[in-house]
Amino acid sequence: PVVLGIESSCDETGAGLVREGRLLGHAVASSMAEHARFGGVVPEIAARAHIHALTPVVEEALAGAGLRMSDIGAVAVTTGPGLSGALQVGVSGAKGLAYALGVPLYGVHHLAGHVAADTLAHGPLPDPCVVLIVSGGHTSLLLVRDLARDPIVHLGDTLDDAAGECFDKVARVFGLPYPGGPAIDRAARAGNPGAVPFPRPLTGPRDDPYAFSFSGLKTAAARWAESRTAGGLPVADGAASLQEAIADVLTRKAVAACAAYGVGTLVVVGGVAANSRVRALAEQRCAAAGITLRVPPLGLCTDNGAMIAAVGDLLVRAGAEPAPLELSIDPSAPLEYAALHPVAAV
Ligand code: ATP
Ligand code: MG
Ligand code: FE
């Protein structure tokens, strides 16, 4: 069947259509601009924006795929983690559609969506693979087997901030516009990545090889910025050096995990996977280590509905039990399984 995926966990409203692993069409609307003057996502504004965007985004995805509402054979929706008001809009809309069309409904974990995004560009994931999820709210190294059936093993997670959060917060200190990640990426092009010796947290011989920490790096960058206000802040150098430190730590640990677990494929996903230096360094280090690297195209790295449809499609094909219509949101859902509702053993 054609699976419609709906995403509304943060400030992007996404709808995507997937059948048998193939992306048929998708559309994304963002309320990013409405949050810019507050320097971060305002939950109430995000929730209201989803209400306005949901129907147009579903219609746009259908039009792009040359399909009609009646072609939809299943609906998958992000039930968490994310902002509760925002999630509620997507889940309510998905329930209404599933009920009206008489098709099964699936509750999907947002981060499993980020992982599945790569399958739309590069085909089924090998079993096992190591996945580095780097996004606005999460930074984790995972061992993934069958995404639709098996539990996801966490090799390591961030102990404090996510990598994306570090980009966003340091960008603010540097006086760069919101959202910070893309702004730092742009500013870094004109800078020297070796200009500021920022720390490489948790890379010592006695540190957990797969855990991350970015709050110290954020503080180091803020201190550096404060110390430079007198002569004018060399933002490009700061941005390039911060980006280098983050990319170095992320790719070093991810490649080490592949080697330690004897896994031949690394998949890098989430918004920060859009970062040009993370992509380049991952490419370089994987090539040197004989590891196959998979990174989704830019438009599938940040939040979208196609990735949620991709998980729904995997669940349908695995014969997973659909969610009941009383499916509820789970704003702080831990990443254990791709489906966020009880899945009958298959
Ligand atoms: P989560 O997925 O953890 O719930 P989220 O959905 O808000 O969080 P994503 O949409 O996956 O996060 O990614 C957004 C994050 O990606 C932001 O922190 C943003 O700054 C970062 N990001 C996007 N593009 C880039 C880039 N080119 N370089 C660095 N960071 C980037
Ligand atoms: Mg976003
Ligand atoms: Fe996300």
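Where a number appears in this text, it was derived from the coordinates with a stated rule and is not lab data. Predicted model only: the values in this text are computed from it and were never measured. Heads up, the Cβs are rebuilt from the backbone with ideal geometry, glycines too, and the neighbour counts pull from every protein chain shown.
With 0.36 nm allotted per residue and the present C-alpha distance subtracted, the ARG22-GLU283 stretch has 91.4 nm of extension available. Using alpha carbons only, how many degrees (0 to 90, rounded to 10) separate the axis of helix 110-122 from the longest principal axis of the chain? The angle comes out near 90 degrees. Taking other C-beta atoms within 10 angstrom as a stand-in for reagent exposure, LYS253, LYS95 fall in the order LYS95, LYS253, fewest first. When only Cα pairs below 8 angstrom with a gap of at least 6 residues are kept, the chain shows a relative contact order of 26 percent. Going by alpha carbons, how many degrees (0 to 90, nearest 10) lie between the helix axis of 84-101 and the longest principal axis of the chain? Approximately 30 degrees, to the nearest ten. If you run the Gaussian network model on the chain, springs between alpha carbon atoms under 10 Å, then out of VAL89, VAL263, VAL18 the most flexible one is VAL263. Between ARG48 and ALA222, the contour length at 0.36 nm per residue exceeds the Cα-Cα span by 59.3 nm. Estimated from helical segments only, the mean residue ellipticity of the chain at 222 nm is -13500 deg cm²/dmol, where each DSSP H run of four or more residues counts as -39500 (n - 2.57). When the Gaussian network model of the chain links Cα atoms closer than 10 Å, the mean-square fluctuations of ARG22, ARG206, ARG68 top out at ARG206.
Highest GNM mean-square fluctuation, the chain, Cα pairs closer than 10 Å: which of GLY204, GLY113, GLY216? Looking only at GLY204, GLY113, GLY216, the largest GNM fluctuation is found for GLY204. Rounded to the nearest 10 degrees, the inclination of helix 235-261 to the longest alpha-carbon principal axis of the chain is 60 degrees. Listing HIS138, HIS26 from fewest to most neighbouring C-beta atoms within 10 Å gives HIS138, HIS26.
Other residues whose C-beta falls under 14 angstrom from the C-beta of VAL153 contribute a net charge of -3, scoring Lys and Arg +1 and Asp and Glu -1. Evaluated with a Cβ-only charge set (Lys, Arg +1; Asp, Glu -1), segment 220-346 carries a dipole of roughly 540 debye about its Cα centre, given to the nearest 20.
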